[in-house]
Amino acid sequence: RVKELLKAAALPHETGCGSSFTLRANVEFLEELPRISKHGAKGVGLLRTETLLFQRNFEVPAQIEFYEKVLQASGTDPVTIRLFDAGGDKLLEEAEEEPNPFLGWRGIRLLLHQRKLLRNQIEAICRVSGNYPGRVSILVPMVTDLNEITRVKEKVSKIIAELKSDGADVDEEMKVGIMVEVPAVALMAEEIAPFVDFFSIGTNDLTQYTLAVDRGNDRISELFEPFHPAVWKLIRMTMKGAEKHGIPVSVCGESASIPGAAAAFIGLGITDLSMTTNALLPVKELLCSRSLQEMKELGVRVAASRSTDEVKELFQQFTEKGT
Ligand code: PEP
Ligand code: MG
């Protein structure tokens with residue numbers, strides 16, 4: 001089976017009928033890097049950077065070293081670096097305990113107060129971008145309001161200008177996109193799209209915040225349903241908002257790593273999926289073996305579903321067909 005799966009790594013990123021899609025890797029640890037090329041990912045769609053925080057590698061040179069390793073492991077493909085998503089389940093030592101950490105000081109909310117932390121990270125990313133032009137982009141986590149985007153973009157522009165005036169090489173065209181993981185942003189996707197370069201849908205948090213289910217609480221884990229129709233509705237709203245303004249949209253939450261769901265995303269028009277490296281081959285194997293038309297039909301049926309069970313049933317049927 002492993003051998004069979006590895007064959008999928010070499011297949012083109014195309015459905016059975018020749019329509020293209022892109023699978024990228026979610027990466028958090030250096031140990032995962034060899035799997036980017038081994039499992040045939042086109043670069044890194046989500047680089048989680050919180051390990052730098054936990055190892056207390058805040059300084060610019062240590063960050064640069066980490067980012068460069070990821071870029072080198074990605075060949076000539078792009079790498080999307082997410083700003084520190086501390087808080088929630090990824091606690092920072094400095095943060096005081098909060099009664100509701102997932103609704104608290106997390107992601108961009110925290111970074112906009114920890115100015116040195118944000119500055120260092122943007123500087124490190126900008127410096128790396130100069131060595132790998134066109135390949136590096138910034139992803140902002142936990143955005144809720146346009147104001148947070150404007151503030152981050154101002155900081156990025158300011159740092160780019162400073163670095164350039166010091167004679168550093170920086171990719172001035174570097175893209176800045178946001179995680180769509182808070183329902184407010186999905187609901188406002190059309191209004192927000194003109195202000196960002198891309199959307200990356202984080203189905204893990206989008207599910208937790210839409211369904212009011214703590215993603216880490218075992219007691220209610222059976223209520224954590226990323227395939228709930230409400231989540232799909234928000235995903236479709238995000239996609240339509242992005243389409244209206246011509247910005248790219250991808251999915252980097254765990255949903256993308258479930259083969260049936262990946263097929264539905266493609267059917268609905270989201271062809272750029274980023275997932276844990278271990279899921280790349282099973283997902284690719286399914287996508288390469290089915291036609292875009294079949295995926296579109298699946299997408300239509302998912303969009304019309306009224307319950308999680310209906311959606312799950314559709315995925316099961318889709319995955320079993322043809323085996
Ligand atoms: C998500 O929320 O779906 C996501 C990809 O981010 P994380 O799991 O790191 O919160
Ligand atoms: Mg998230």
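Inspect all residues belonging to segment 58-67 and state whether any of them is at pLDDT 95 or above, outside any loop (DSSP other than H, G, I, E, B) and under 19 Å from the mean Cα position of the chain (by Cα). Within segment 58-67 (the criterion being at pLDDT 95 or above, outside any loop (DSSP other than H, G, I, E, B) and under 19 Å from the mean Cα position of the chain (by Cα)), the answer is yes, since at least one residue qualifies.
The set of residues in segment 14-57 that are surrounded by 13 or more Cβ atoms within 10 Å (Cβ to Cβ), over 29 Å from residue 270 (Cβ atoms) and over 21 Å from the mean Cα position of the chain (by Cα) contains only 57. Under 6 Å between Cβ atoms, which residue pairs at least 6 apart in sequence (or on different chains) link something in segment 35-61 that is closer than 17 Å to residue 256 by Cα with a partner that is of a type in the set (Asp, Glu)? Pairs that qualify, where the first residue is closer than 17 Å to residue 256 by Cα and the partner is of a type in the set (Asp, Glu), are 42/77; 43/77; 48/28. Among the residues of segment 198-207, is any more than 13 Å from ligand 2 (Cβ to nearest atom), within 27 Å of residue 131 (Cβ to Cβ) and hydroxyl-bearing (Ser, Thr, Tyr)? No: zero hits.
Among the candidates 270, 266, which residue alone is in a helix (DSSP H, G or I) and not charged (D, E, K, R)?
Just a single option satisfies the conditions, and that option is 266.
For segment 173-210, what are the residues that are out of contact with any Pro (no Cβ under 9 Å at 6 or more places or on another chain) and over 19 Å from residue 270 (Cβ atoms)? Hits for segment 173-210 are 176, 184, 191, 194, 195, 208.
Restricting attention to segment 61-76, the residues that are surrounded by 14 or more Cβ atoms within 10 Å (Cβ to Cβ) and polar (S, T, N, Q) total 2.
The values are calculated or read from the model by the stated rules, or taken from the named source; none is laboratory data. The structure displayed is predicted, hence computed values, not measured ones. No Cβ is skipped: glycine too gets one built from the backbone with ideal geometry, and neighbour counts run over all protein chains shown.
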